[in-house]
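Peer 1: The structure under discussion is supplied below as structure tokens; questions concerning it will follow.
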Amino acid sequence: MIHCPKCDVVPVPDSDLPVTLPEDATFDKPGNALDHHPTWKHVSCPQCGGPAQRETDTMDTFVDSSWYFARFTDPWNEQAPTTPAVANRMMPVDQYIGGVEHAILHLLYSRFFTRAMKATGHIDMDGAVCRHVHAGHGGARDLPEGRRLLRDAGRSEDRHRGRWQARHVC
């Protein structure tokens, strides 16, 4: 996407796709390397020809944090993202507690990364998380009869048995 002060947000023309990233990007400053690049983001608007800027925020932040659980199994490995034997011994994650955004995006992306890392030999499992406890924004209408949501704790309680409920995802 291209941001133009006159035309607002304009798609990159099909003839300019794929957009090639700069070979000389540097990572010496915190933040987005594309945003700090001196020339790559500066383009002409495809509609009016005036000065414009390319979109530099190209990846959702949940993607950035969707594989760290595997990396944490051996952070001393300087040659690869994981040491498969160590990751396979320590994973999958026993329990993940997250809110609405995490349940939808983080777990979705982590499932993708887990499958990709399995396909590339970095881990040998199908699921990253065995049990997910949702700390979401649900209400009484979202729960089966006889349960109430403890919003601050993010758990549902069975009134009759006093048991905590969690959803298993792998």
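Peer 1: Can you tell me how many residues within the range 23-60 are touching a residue at least 12 places away in the same chain (Cβ under 8 Å), surrounded by 12 or more Cβ atoms within 10 Å (Cβ to Cβ), in contact with a Lys or Arg (Cβ under 9 Å, 6 or more places away or on another chain) and not hydrophobic (A, V, I, L, M, F, W, C)?
Peer 2: So the count comes out to 7.
Peer 1: Could I ask something else about it? Which of the residues spanning the range 66-77 are open to solvent by 70 Å² or more (accessible area, probe 1.4 Å) and out of contact with any Phe, Trp or Tyr (no Cβ under 8 Å at 6 or more places or on another chain)?
Peer 2: Tyr68, Phe72, Trp76
Peer 1: May I pose another question? Output yes when any residue across the range 28-37 is among the small types (Gly, Ala, Ser) and under 24 Å from the mean Cα position of the chain (by Cα), and no when none is.
Peer 2: yes
Peer 1: Give the residues of the range 78-114 that are open to solvent by less than 30 Å² (accessible area, probe 1.4 Å), of a type outside the set (A, V, I, L, M) and out of contact with any Leu (no Cβ under 9 Å at 6 or more places or on another chain), sorted by residue number.
Peer 2: Thr82, Gly99, His106, Ser110, Thr114
Peer 1: Could you grab me the full set of residues in the range 123-148 that are open to solvent by 50 Å² or more (accessible area, probe 1.4 Å) and either of a type in the set (A, V, I, L, M) or at pLDDT 75 or above (or both)?
Peer 2: Asp124, Asp126, Arg131, Ala140, listed by residue number.
Peer 1: Only one residue in Val10, Val63 is aliphatic (A, V, I, L, M), within 30 Å of Val133 (Cβ to Cβ) and open to solvent by less than 30 Å² (accessible area, probe 1.4 Å), so which one is that?
Peer 2: On inspection, the qualifying residue turns out to be Val63.
Peer 1: If you don't mind, another one. Looking for something modelled with pLDDT of 85 or more and either small (Gly, Ala, Ser) or touching a Lys or Arg at 6+ places or on another chain (Cβ under 7 Å) (or both) - is there at least one such residue anywhere in the range 107-117?
Peer 2: Scanning the range 107-117, I find at least one residue that is modelled with pLDDT of 85 or more and either small (Gly, Ala, Ser) or touching a Lys or Arg at 6+ places or on another chain (Cβ under 7 Å) (or both), so the answer is yes.
The values are calculated or read from the model by the stated rules, or taken from the named source; none is laboratory data. This is a predicted model, so every value here is computed, not measured. Positions of Cβ are backbone-derived with ideal geometry, glycine not excepted, and every protein chain shown enters the neighbour counts. All accessible areas refer to the heavy atoms of the entire protein, side chains included, with ligands and DNA or RNA removed. Shrake-Rupley method; radii C 1.70, N 1.55, O 1.52, S 1.80 Å.
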